[in-house]
Ligand SMILES: [Fe+2]
Ligand SMILES: [Fe+2]
């Protein structure tokens, strides 16, 4: 038996406005998404291809149209930051986000409260930075990381939220291995997994891999990975976005697949995961935890 959803979130990612954007899909998203009656829209980064003004302006218009219908939260992806303006943050952090924040607001870690849910954006995109360093040279500016300060901050937000409210965390880099690529978006992902579990999140929304996914971290924390609406899909597969429904018992992730011939998104596979309770805390029961 399923109960009525507390919240329904449209999860988009990797719109990549610029030369690779599929405008037919963008047009279809604009007309179709309002019919889903979602509580909120979350866009998990890579709005642009090269962090260019024209790309950000197109993304800004798209988001403005979304917001006219539905509260919308956006976080930056690795393509949205000008990391070369401050590699390794040698010239400070602000320079590399300056163009993004000009269009999408100064808060790189936005939080959105809607009826039934608190949606916390987190920053995983730092460009060439110490926390994201990798031995794969071509991934130096691509890889992300989730600092402890980010998971601690989100944990505090979720701790303060009323019980029963859905706790949704959004950032760019994929936390589960990509379906075809098998790549992990985050550096030091094992540590990130542990800390994500401790935040008390019900579901993580991320992108970056350009292939849809639905799964769990350690069989406990649901993860929605949304695809891309650019032509840079993996393996020639169709583009997919996700609809995430959360009720008292479960997190349901439904894929919507693009059918280019029909110029429409159609409902596709649905995955359901038991909703987590509050994080497990070691409780000392008198005598029970004393070794004999
Ligand atoms: Fe991307
Ligand atoms: Fe990305």
Quiz item: When both residues are 6+ apart or on different chains and their Cβ atoms are under 8 Å apart, which pairs have a first residue that lies in segment 190-216 and is within 14 Å of ligand 2 (Cβ to nearest atom), and a second that is assigned to a helix (DSSP H, G or I) and modelled with pLDDT of 95 or more?
Solution: 208/78
Quiz item: Where in segment 153-225 are the strands (runs of 3 or more DSSP E), entirely inside, with at least 3 residues that are surrounded by 24 or more Cβ atoms within 10 Å (Cβ to Cβ)?
Solution: 166-170, 203-206, 221-225
Practice problem: Could you figure out which of (1) surrounded by 24 or more Cβ atoms within 10 Å (Cβ to Cβ); (2) within 16 Å of ligand 1 (Cβ to nearest atom) isn't true of residue 251? | Solution: (2)
Quiz item: How many residues are under 30 Å from residue 199 (Cα atoms) and part of a strand (DSSP E or B) if we restrict to segment 229-267?
Solution: 14
Quiz item: Is it the case that some residue within segment 39-50 is within 15 Å of ligand 1 (Cβ to nearest atom), out of contact with any strand residue (DSSP E or B) (no Cβ under 9 Å at 6 or more places or on another chain) and over 26 Å from residue 116 (Cβ atoms)?
Solution: yes
Practice problem: Determine which single condition residue 148 fails, assuming it passes every other condition in (1) away from ligand 1 (no atom under 16 Å from the Cβ); (2) in contact with a strand residue (DSSP E or B) (Cβ under 8 Å, 6 or more places away or on another chain); (3) within 17 Å of residue 201 (Cα to Cα). | Solution: (2)
Self-check item: Residue that is nearest to residue 267 (Cα to Cα) [pool: residues in segment 12-42 that are assigned to a strand (DSSP E or B) and within 15 Å of ligand 2 (Cβ to nearest atom)]
Solution: 12
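The values are calculated or read from the model by the stated rules, or taken from the named source; none is laboratory data. None of these values were measured; they are calculated from a predicted model. A quick note on method: Cβ atoms are made from the backbone with ideal geometry, for glycine too, and the neighbour counts reach across all protein chains shown.
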